[in-house]
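Nothing in this text is a laboratory measurement; each read-out follows from the coordinates by a stated rule. Since we're looking at a predicted model, the values are computed, not measured. Here Cβ is always computed from backbone atoms with ideal geometry, including for glycine, and neighbour counts include all displayed protein chains.
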Ligand code: PLP
């Protein structure tokens, strides 16, 4: 960034420091990744200059001929990627996307059902400190503390009893395949909207290693970053017609697709971030390639291998393993907490996060879990042999929590050496 370097050296040096950090350490936060140079170039392009409130061919500003084409390209690529009838690419991020979805389906005060944050749900699925928990009546479900798995009979019972207007399916920390068909049956029975939040597993779905919720759900929301390796942004997919129109919106002449669009703009947002939408189009093109399918398969293969090796070393994992890109180590029985382990891992160069586990006796800022993900490592080209080494380092850290200050520098040096063999894309230093 030559201009940034000369004009604002203070900020430039901070960016370079972060780039070094992301190069020399193992990025194992499952929601993080490395965007390509092409995605970064679009995000940093002149498209940041333009206002284009509205939607393609229906703008409130002039001079949008090329912007219309850019947004349409992103929409068309996204629809093709997921086989969706309708797509909105304007949400600024995953949380605003979920806010728009909720407003499009349920007026404030309605009853919505989702997983609470400690069980692995997202803030926007009805958590008390978020708009979704403050403005809506919320009903919770979650994995069973004994198995770490969702129990679909239990979910059906809660839905029958509570009769929510909409049901969220999606999580930030659930390591197993979600059964969208089972959720669809429940939603049909209780006459609720079914919304999948695929922010974490978007890339697994595109890569064909996790089922696609689009055929089963009224609406699907997502981020574009995380596994999809796009810019920080959100998107919403939906059916065009609303199957519950007569029940819930008898007086509206807007179909589901139109209500979603109106909820995003002008309901919640103003001008779309066109530099970001352009970068989304680039990411969608990258995700439609055979190379991306191979990537998604390897993400899961790596997570499985890491899980296997940790189990072999005697560690407990939530649900006993993983089908996805993440796993959650379960330290409920240990004298140390998830936070102790996550902080020690960071000292050694493994960047992860502490996380609640189902049935966690510890507080949310302490926790008994550590969440680990493989998307970013896999983007760097790491495979099973590297996962074996990483399992070894995690074990070394957990065994030496008391002496971490002495042990961490050695582990960190070994990790830096591995990192040099797998330079991440999108970073040149
Ligand atoms: N939904 C899920 C399941 C998530 O994990 C996240 C991000 O952590 C979001 C939504 C929100 O995305 P953002 O952080 O872009 O607002």
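Tabulated values for the structure
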item: Filter result (in contact with a helix residue (DSSP H, G or I) (Cβ under 9 Å, 6 or more places away or on another chain), buried (at least 21 other Cβ atoms within 10 Å of the Cβ) and farther than 20 Å from residue 385 by Cα) within the stretch 301-328; result: 317, 328
item: Within the stretch 393-417, considering residues that are in contact (Cβ under 8 Å) with a residue 60 or more places away in the chain and closer than 30 Å to residue 36 by Cα, the one surrounded by the most Cβ atoms within 10 Å (Cβ to Cβ); result: 394
item: Residue 97 touching a strand residue (DSSP E or B) at 6+ places or on another chain (Cβ under 6 Å), more than 23 Å from residue 152 (Cα to Cα) and near the ligand (Cβ under 9 Å from one of its atoms); result: yes
item: Residue list for the stretch 111-135, restricted to those being within 16 Å of the ligand (Cβ to nearest atom) and outside any helix (DSSP H, G or I); result: 112, 113, 114, 115, 116, 120, 121, 122, 126, 127, 129, 130
item: Residue 225 under 13 Å from the mean Cα position of the chain (by Cα), within 16 Å of the ligand (Cβ to nearest atom) and in contact (Cβ under 8 Å) with a residue 24 or more places away in the chain; result: yes
item: Subset of the stretch 191-216 that is touching a strand residue (DSSP E or B) at 6+ places or on another chain (Cβ under 8 Å) and outside any loop (DSSP other than H, G, I, E, B) - its residue that is nearest to the ligand (Cβ to nearest atom); result: 197
item: Unique match (being surrounded by 23 or more Cβ atoms within 10 Å (Cβ to Cβ) and under 22 Å from the mean Cα position of the chain (by Cα)) among 178, 149, 237; result: 237
item: Residue in the stretch 229-251 that is within 16 Å of the ligand (Cβ to nearest atom), within 19 Å of residue 191 (Cβ to Cβ) and assigned to a strand (DSSP E or B) present; result: no
item: The lone exception for residue 173 - which of (1) closer than 26 Å to residue 248 by Cα; (2) in contact with a strand residue (DSSP E or B) (Cβ under 6 Å, 6 or more places away or on another chain) it fails; result: (1)
item: Any hit, the stretch 146-164, residues being in contact (Cβ under 8 Å) with a residue 60 or more places away in the chain, away from the ligand (no atom under 14 Å from the Cβ), assigned to a loop (DSSP other than H, G, I, E, B) and on the phi > 0 side of the Ramachandran plot; result: yes
item: Answer from 42, 80, 87 - the residue that is in a helix (DSSP H, G or I) and buried (at least 18 other Cβ atoms within 10 Å of the Cβ); result: 42
item: Subset tally (residues that are surrounded by fewer than 20 Cβ atoms within 10 Å (Cβ to Cβ) and out of contact with any helix residue (DSSP H, G or I) (no Cβ under 6 Å at 6 or more places or on another chain)) for the stretch 341-363; result: 7
item: Set 250, 211, 272, 266: member being over 13 Å from residue 105 (Cβ atoms) and within 20 Å of the chain's Cα centre (by Cα); result: 211
item: Conditions (1) touching a strand residue (DSSP E or B) at 6+ places or on another chain (Cβ under 7 Å); (2) surrounded by fewer than 17 Cβ atoms within 10 Å (Cβ to Cβ); (3) assigned to a helix (DSSP H, G or I); number of the one not met by residue 258; result: (1)
item: Matching residues in the stretch 165-190 - criterion: being within 16 Å of the ligand (Cβ to nearest atom) and part of a loop (DSSP other than H, G, I, E, B); result: 170, 171, 172, 173, 174, 175, 176, 177, 178
item: Check on residue 36, more than 16 Å from the ligand (Cβ to nearest atom) and in contact with a helix residue (DSSP H, G or I) (Cβ under 8 Å, 6 or more places away or on another chain); result: yes
item: Condition check for residue 220: surrounded by 24 or more Cβ atoms within 10 Å (Cβ to Cβ), over 13 Å from the mean Cα position of the chain (by Cα), within 16 Å of the ligand (Cβ to nearest atom) and not in a helix (DSSP H, G or I); result: no
item: Given (1) touching a residue at least 12 places away in the same chain (Cβ under 8 Å); (2) under 30 Å from residue 368 (Cα atoms); (3) assigned to a helix (DSSP H, G or I), number of the condition residue 276 does not satisfy; result: (2)
item: Test: residue in the stretch 103-110 that is touching a helix residue (DSSP H, G or I) at 6+ places or on another chain (Cβ under 7 Å), part of a loop (DSSP other than H, G, I, E, B) and within 19 Å of residue 217 (Cβ to Cβ); result: no
